[in-house]
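See structure below.
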Amino acid sequence: MRFDRWSSTAVGGIEMLGYGFQGLATLFVAPIFTGGKLARWIRWLLIVDGIMGVAGTVITGFALDWVFTIPGLLSYVSWNVEFALLTILLSVFFYRTKRQSV
């Protein structure tokens, strides 16, 4: 199977549905992070992640191969950068929280 046909398979659709649910989860958890500068950054990145996940799922529902267009690839790259930054900030947040509770 050619890689560019992946998105039009059942597995590709299920994967995108998973990203949509991940997006909803990050939108629901975002309000928990309040307070300092780090928590605000995390909250906004969670909101961005949620919007990108849900939007990507909806767009894929209408145009299965949009992932392989220029906007789709830019979305993919920007989501990966945003998600990497989010995970780093979450690691710092929970590390600091753990240190304070000891």
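The values are calculated or read from the model by the stated rules, or taken from the named source; none is laboratory data. Quick caveat: nothing in here was measured; it's all calculated off a predicted structure. Cβ coordinates were reconstructed from backbone atoms using ideal geometry, including for glycine residues, and neighbour counts include every protein chain displayed. Areas reflect the complete protein model, heavy atoms only, side chains present, ligands, DNA and RNA absent. Shrake-Rupley method; radii C 1.70, N 1.55, O 1.52, S 1.80 Å.
Annotations for the structure displayed:
- Cα shape, the chain, gyration tensor, a/c 1.5 rule: prolate
- Karplus-derived 3J(HN,Hα) values for the stretch 55-64, using 6.51 cos²θ - 1.76 cosθ + 1.60 with θ = phi - 60°, are 4, x, 5, 5, 4, 5, x, 9, 9, 4 Hz; glycine and proline are entered as x.
- Over the chain, Cα pairs under 8 Å with separation of 6+ residues give a relative contact order of 29 percent.
- Using θ = phi - 60° in the Karplus curve 6.51 cos²θ - 1.76 cosθ + 1.60, the 3J(HN,Hα) couplings for the stretch 16-28 round to 5, 4, x, 5, x, 5, 4, x, 4, 4, 5, 5, 6 Hz; x is entered for Gly and Pro.
- Equivalent-ellipsoid semi-axes of the stretch 56-102, from the Cα gyration tensor, Å, largest first: 35, 11, 4
- Computed over protein heavy atoms with a 1.4 Å probe, the carbon and sulfur contribution to the accessible area of the stretch 16-102 reaches 76%.
- At a probe radius of 1.4 angstrom, the accessible area of the stretch 26-102 per residue rounds to 68 square angstrom.
- Within-13-Å neighbourhood charge of Phe33 [Cβ basis; K, R +1; D, E -1]: +3
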